[in-house]
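A short write-up of the structure that comes next.
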Amino acid sequence: MKLQLRHNLILLSFIFFGLYAQAQFKATSKWKALIALGFNYPTTDGFVEGTYAQAINFPTVNLGLQHMFKRTIGVKLDYGFNRFKLEEISPEVKMNYSRINVQFVFDPTEYLGFLPPRLRTILHGGPGFSFVKPLGNLGENKQSYLNVLGGLEVHYAVSEKVSVYVDTAYIYGFTSLNDYDPVLSGLGAFNGNVFNVTLGLAVSLSGCQYCD
């Protein structure tokens, strides 16, 4: 009888702890700062014929500020920096690709129901502006154009205020490559799309102040 009672108490303790942890990590902080580092892949059709970037380029740096209106809905303003390096024809040619985006944020975690308490998913996307600047003496081939970004973050809470996350994002550029004659006069130009993968840290700026 005592053994059965002990088992029941242990079981109730686990259930209580699970519900408590879920309540703690389910709440979303109103304000968060996000910083992430990773790599990028620019699409080949964004470069002049005969040139393309390395398959994996480093670094990609993302900095963001996020505000949640409710537990599931919010916005964020973020800045991203990428560096590309051309392959084959001119491996010494490098270019900087930076962007700024205003994004809508949606957290569907509570609708999924099967994720552990410390794990969250975040969908994000929105319009922005891209700036491309070749390095060296190719500065005349710089471009700027509108973009739209869409992505998915997976967060793991290490505490109530800090989480680590992986973010995959695709940046679509509303642009087309100029006609260059000769073609190599467009070396360093990029009018295309970019795929990013980053690992980051999200830190609450509002302490334990939550949305609801």
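Footprinting exposure proxy ranking of Phe47, Phe84, Phe129, Phe114, fewest other C-beta atoms within 10 angstrom first, gives Phe114, Phe129, Phe47, Phe84.
Taken over the alpha carbons of the range 28-204 as equal point scatterers, the Debye sum produces base-10 log I(q)/I(0) values at 0.16, 0.19 Å⁻¹ of -0.89, -1.13. Note on Met95, Met68: ascending count of other Cβ atoms within 10 Å places them as Met68, Met95, the fewest first.
Annotation: the antiparallel percentage among DSSP beta bridges lying fully within the range 28-204 is about 100.
Sparse packing (at most 12 other Cβ atoms within 10 Å of the Cβ) combined with a DSSP loop state is found for the following GluC sites (Glu not before Pro) in the range 68-157: Glu88, Glu92. Backbone amide hydrogens, once placed in the peptide plane, bring Ala189 within less than 5 Å of Val48, excluding anything fewer than 5 places away on its chain. Remark: the range 28-204 carries a charge dipole of roughly 920 debye about the Cα centre, counting +1 on each Lys and Arg Cβ and -1 on each Asp and Glu Cβ.
Close amide H partners of Arg83, meaning residues 5 or more places away or on another chain with modelled amide H under 5 Å apart, are Tyr97. Ordering Gly151, Pro42, Ser176 by Cα displacement along the dipole of the range 28-204 toward the positive end leaves Gly151 in first place; charges were set at the Cβ atoms of Lys, Arg (+1) and Asp, Glu (-1).
Quick note: the coordinates plus some simple rules give every number you see, no bench work behind them. Since we're looking at a predicted model, the values are computed, not measured. Every residue, glycine among them, receives a Cβ derived from its backbone with ideal geometry; neighbour counts consider all protein chains shown.
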